[in-house]
Structure formats: structure tokens, C-alpha cells
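Visitor: First the structure, then my questions, so here it is.
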Amino acid sequence: MRTNANIGVSVIIPALNEEAHLEDAFRSVQNAAEAAGVDPEIVIINDGSRDETPSIANRLARESKRVRVIHHSRNRGFGASYRSGLKEASEDLVLMIPGDNEILQSSIKNILAVAGEADLIIPYTSNTEVRNPIRRIVSGVFTSAMNFFFGLKLQYYNGPCLLPRSAVMRMRGISPGFAYMAQILVRLIVIKKMTYREVPMRIATPKKRKTKAFAMKNVLNVIFAVTSLWWEVQLKRFSWKKRK
């Protein structure tokens, strides 16, 4: 087993109009990584922001050669930001931490501290009471549905997972929307048979802002991504049976 000091980690920080939170999220990642004994490469994704987020990101990148910035000319979505970060990243493992600074520094440290103990490190929110009831219900229904359809027992599908970059890079058709991480996890666990470890994660009280998660476009995107994934898994299983 490698020590954390020998494990390369790229941290992707997507930000859409996060001028009030981006630097705090960036510092949380830096401090958590130092506490975990990791020297991460950091890739900030400005996802079409219209506030001071781009200039803040550029300033942070000037502080270190280990920090780079990608600017999207328009908002492309969470999954698309992840894909942009993957292409720019160069380390063995990749982790995406949102630029809204919602994930507590101590939780980022705990994720990084167990790097290398399994193929996939999958966090789950342990203090769900800070989220509004509708968000908790929708998240619970989504998790239960994913577990039922794919025969898994994960506690959460949408967290900041620490994953092998090369395995994710080889995937085609990663959703640009909110279902991207669930799609990746199912492929790596069900199809690729990778090992995983779940770790608890605490989040800050969410900022009071309008979420895009329940917009019709995003809901349809999730339905399409999950349906396509189900057929993909069934075809793989059919292929395995034929080979036997």
C-alpha cells in the first residue's frame, strides 16, 4: 500500500458565480490536503461565471504552478466541468470539490486521508438534517432507485468521489448534468468490478439560493442518463452470459 505522500491527486474545483465562496473553497482544499499529507494538483473550472469568479480564479492560479484555471465561455453544467477538469488533470486520482465551499475542510481531509485504500473512495453526507426536506426526499428516492436498478447498496451517489483518473477518462458518454457521478460509479463498480470504501462527510448549511437541480431540463437529463445506463449494464450482462 502506498503512503499518501506518494499518491498523486488532482482536485477539480468547479465554480459558477462563486465570487463569495471560491477562495474559501480553494483554501479548504489546500489545508485539508496538507493535513492529509497530500500535495494536490488543483484545476479550477470557471463555468461561465458573470461575476468576479474568473479574476479570483486567475489570481489563485498565479500563486502556484500546481494550480491551473479553465474558463468556459458559457455555463455547461456540473458534469461538463468534471470532464474539462479530467482532461486538464495529470495525477493518478481525481476528486471534484464544488466551489461553493459546502463541504467541510475536515471532510475533505478525511477523503484524502484514505486515498489508495480502495479503488474508489465514495463519501456520503452524514448530517443530512442541514438540507431542506424536499432535497432529502428527492436524494433518498434517487439513491434507493439506483440501488434497486443496479443491485448496489451505496449510501450516496452524488458526492465528491476520489476516483482513478485513467478509468474515468476511458469512459464515453458521461452526462453533462447532475447524474454524471452516479453514472461513473455504476460503470466502475458493476461493470469494472472495482473495490470501494464509503466514508462519512459533513457539509455546511447550504446557502440560500435557487437550485437548478429540479429544473425540467436537468430532470430529463437525469432520467435519460439513468435509463441509458440501465440498458448499458443489461447489454454487458447479456454479453457475459453469452461468453459463458
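Visitor: For the pair LEU152/GLU232, report the inter-label distance in nm, with labels modelled 7 Å from Cα in the Cβ direction.
Guide: Spacing of the two 7 Å Cα→Cβ label points: 1.2 nm.
Visitor: Taking a cut-off of 20 Å between Cα atoms, list the aspartates and glutamates near LYS109, but don't count ones fewer than 8 places away on the same chain.
Guide: GLU23, ASP24, GLU34, ASP39, GLU41, GLU91, ASP92, ASP100, GLU117, ASP119, GLU198
Visitor: Something else: Keeping every protein chain present and rolling a 1.4 Å probe, give me the accessible area per residue for the chain in Å². All intermediate terms of the calculation are to be shown ahead of the outcome.
Guide: Working: 12610 Å² over 244 residues.
That works out to 52 Å² per residue.
Visitor: Next question. Dipole magnitude of the chain about its Cα centre, charges +1 at Lys/Arg Cβ and -1 at Asp/Glu Cβ only, in debye to the nearest 20? Please list the in-between numbers first.
Guide: Working: 37 positive and 21 negative charges, 266 e Å.
I would put it at about 1280 debye.
Visitor: Could you order PHE178, PHE26 so the one with the most accessible surface comes first? Probe is 1.4 Å. Show your work: numbers first, answer last.
Guide: Working: PHE178 85, PHE26 0 Å².
Sorted descending by solvent-accessible area, the residues read PHE178, PHE26.
Visitor: Let me ask you something else. Can you match Rg and Dmax of the Cα atoms in Å to one of these, [x] 17.5, 58; [y] 16.5, 50; [z] 21.4, 73, based on a calculation from the structure here?
Guide: Computed from the coordinates, Rg and Dmax of the Cα atoms in Å corresponds to [x].
Visitor: Follow-up. First compute the accessible area of the chain with a 1.4 Å probe, then give the percent of it belonging to carbon and sulfur atoms.
Guide: Numbers: 6820 of 12610 Å².
In the chain, the share of accessible area belonging to carbon and sulfur is 54 percent.
Visitor: Calculate, in nm to one decimal, what ARG131 and ALA118 gain on full extension: separation in residues at 0.36 nm each, minus their alpha carbon distance.
Guide: 1.8 nm
Visitor: Okay, moving on. Counting only protein chains, not ligands or nucleic acids, how are VAL222, VAL141 ordered by accessible area (probe 1.4 Å), most first?
Guide: Largest to smallest exposure gives the sequence VAL141, VAL222.
Visitor: Something else about it: Quick one: which of LYS153/LYS192; LYS65/LYS87; LYS153/LYS193; LYS87/LYS193 span more than 22 angstrom between C-alpha atoms? Mind dumping the intermediate values first?
Guide: Values: LYS153/LYS192 17 Å; LYS65/LYS87 17 Å; LYS153/LYS193 14 Å; LYS87/LYS193 24 Å.
Result: LYS87/LYS193 exceed 22 Å.
Visitor: Give me the angle, in degrees from 0 to 90, between the Cα long axis of helix 133-150 and the longest principal axis of the Cα atoms of the chain, rounded to the nearest 10.
Guide: It is inclined by approximately 40 degrees.
Visitor: Still on this model: Tell me what the chain gives for mean residue ellipticity at 222 nm when only DSSP H runs of n ≥ 4 count, each as -39,500 (n - 2.57), the sum divided by the residue total, rounded to 500 deg cm²/dmol. Mind dumping the intermediate values first?
Guide: Values: 8 runs with 102 residues, N = 244.
Helix-only estimate at 222 nm: -13000 deg cm²/dmol.
The values are calculated or read from the model by the stated rules, or taken from the named source; none is laboratory data. Everything quoted here is computed from the prediction, not taken from an experiment. For neighbour counting, all protein chains shown are included, and Cβ atoms are generated from backbone atoms with ideal geometry for every residue, glycine included. Surface accessibility is based on the protein's heavy atoms, side chains included, excluding ligands, DNA and RNA. Shrake-Rupley method; radii C 1.70, N 1.55, O 1.52, S 1.80 Å.
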